[in-house]
Amino acid sequence: MKTTHHKNANQSAATGQKRSRNDAGNKVTVVLGAQWGDEGKGKVVDLLATEADFVCRCQGGNNAGHTVVVDGKEYDFHLLPSGIINPKSVSLIGNGVVIHLPGLFEEGDKNEKKGLKGWEKRLIVSDRAHLVFDFHQVVDGLQETERQAQEGKNIGTTKKGIGPAYSSKASRTGLRVCDLLGDFKDFSARFKNLVRQYQSMYPSLTVDVEDQLKKLKEYSERLRPMVRDGVYYMYEALHGPPKKILVEGANAALLDIDFGTYPFVTSSNCTVGGACTGLGIPPLNIGDVFGVAKAYTTRVGIGAFPTEQLNAVGELLQTRGHEVGVTTGRKRRCGWLDLVIVRYAHMINGFTAIALTKLDILDVLDEIKVGVAYKLNGKRIPHFPANMDVLQKVEVEYETFPGWKTDTSAARKWNDLPAKAQNYIRFIENHIGVPIKWVGVGKSRECMIQMF
Ligand code: GDP
Ligand code: IMO
Ligand code: MG
């Protein structure tokens, strides 16, 4: 029998033209959180977005909160890629993201009042992305109450409906953008089924179905011009003329559903694999993977945090660093930099370089500690424990550095930094085994020292 199998495997899916593995197309640059979130990903993306053609979100929802300061104006983004500020780039919300439509439009309108122009024309939304409904958000709250009542502790979610929406996706009852834009009668029937399903689990859940459907219909018309087949859109972006494509991670490695501090995590893959599955792009097209890490550690919500400082140091980091959640307004828990977790994030993501942010917050400290290893029963362990009870028990081994006690906020190049700060940075770089490409010393765009 004659087979044409091998010939076809090398052909472009879209045009049928021959393509070799060396001609894989453009590479995407991925920016990922290396701790428990809020490392300053938005700021790093904003910096790179000034030259980008596309900025994409691949996972998470409006649980993320990314602050970007441009020309003294502070914008915060939750669902919109931070690159939306750049009038020359296209922003894309990929299939791996879960979208709460009222939240999306509210966010756009709010930022428009601050001066963001034309965002709806620059936004592309994948037709495969799942929708977060208002009742998912209510259920998120009910689940938290239930956890508190049953286990004596909750997760401390953002109550944005993220867990319930990804649960609907995984249980194959979720509804996607393409469903909303398809036959509305069919969509309505499936929506009603989904509501009934949740009401059987949570009898106290009340949903005004007709009102919800009316609103969804309105949103669908506003959304329609932005919707594309995300896979084909990315394919064209990767295989057209040279393009700069950025992927903005949301949440972070230690909040990843598979690799994070489960169950105190979010419900998506915030590590590098999420870029492929959340956009529909091959691993071959992944280029640089930049890890963003704060010069200390913070965490919002519940869960183990080995280097947490429940003392004056933690309070100082919280107040000096303005460590308050962008999405929930909760105070972030603070502690020393934990290199065990950053190395663990590197094992999973294979960072090609690191952005170390908020060095300036450490400027006033007499001494600075860095967690370098975990010990269990007096013995160093080489891995990051999966079990939260074990993680709660680890003893952290620290390196102590003298503080530089100098204001670094005006530093713009490596040589402007005090020797003791340089020493701190070099130690981190050597310990993780990844070059540090940027050091952040302030909120705005220009406060980022580029090392190479
Ligand atoms: P993201 O979720 O990773 O995008 O980070 P967030 O925006 O939630 O939190 C980071 C916060 O730190 C924001 O308020 C930023 O404006 C701020 N920030 C980022 N980099 C620096 C820095 O180098 N120095 C200082 N002082 N603030 C920074
Ligand atoms: P960015 O992108 C910090 C945390 C929540 C909670 C847990 C689960 O700004 O870094 P969820 O609502 O996702 O079900 O909450 O995850 N969390 C974040 N913490 N920054 C984030 O995003 C976060 N996204 C989720 O606080 O503990
Ligand atoms: Mg944030």
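No lab work stands behind these numbers, since they all come straight from the coordinates. Everything numeric here is computed off the predicted structure, so don't read it as measured data. Positions of Cβ are generated from backbone atoms using ideal geometry, with glycine treated the same way; all protein chains shown enter the neighbour counts.
Odds and ends about this structure:
- For the chain, calculated [θ]222 nm from helices alone, where every DSSP H run of n ≥ 4 adds -39500 (n - 2.57): -10000 deg cm²/dmol
- Rounded, prolate or oblate (a/c below 1.5 giving rounded, otherwise prolate when a/b exceeds b/c) for region 73-192 by Cα gyration tensor: oblate
- Radius 13 Å from Cβ of ASP109, net charge of other residues (Lys, Arg +1; Asp, Glu -1): +1
- Taken as Cα centroids, region 429-452 and region 343-357 sit 13 Å apart, rounded to the nearest whole angstrom.
- Other residues with beta-carbon under 12 Å from the beta-carbon of HIS66 carry, at +1 per Lys or Arg and -1 per Asp or Glu, a net charge of -4.
- Shape of region 174-308, Cα gyration tensor, a/c cut at 1.5: oblate
- Across region 400-416, computed HN-Hα scalar couplings (Karplus, 6.51 cos²θ - 1.76 cosθ + 1.60, θ = phi - 60°) run 10, 10, x, x, 8, 6, 9, 6, 9, 5, 9, 5, 10, 9, 3, 5, 6 Hz from first to last residue, x flagging Gly and Pro.
- Built amide H within the under 5 Å cut-off of VAL125, gap 5+: ILE93, VAL227, ARG228
- Once you reduce region 84-163 and region 256-328 to the center of their Cα atoms, the two points are 17 Å from each other.
- Between ALA373 and GLU397, the built amide H atoms are under 5 Å apart, and every one of these is 5 or more places off in sequence or on another chain.
- The trypsin sites (Lys or Arg not before Pro) found in region 112-212 that occupy coil by DSSP, while having at most 14 further C-beta atoms within 10 Å, are LYS114, LYS117, LYS153, ARG172.
- Cβ crowding within 10 Å averaged over residues, with 406-417, 429-440, 350-361 ranked highest first: 350-361, 429-440, 406-417
- Cα shape, region 260-311, gyration tensor, a/c 1.5 rule: oblate
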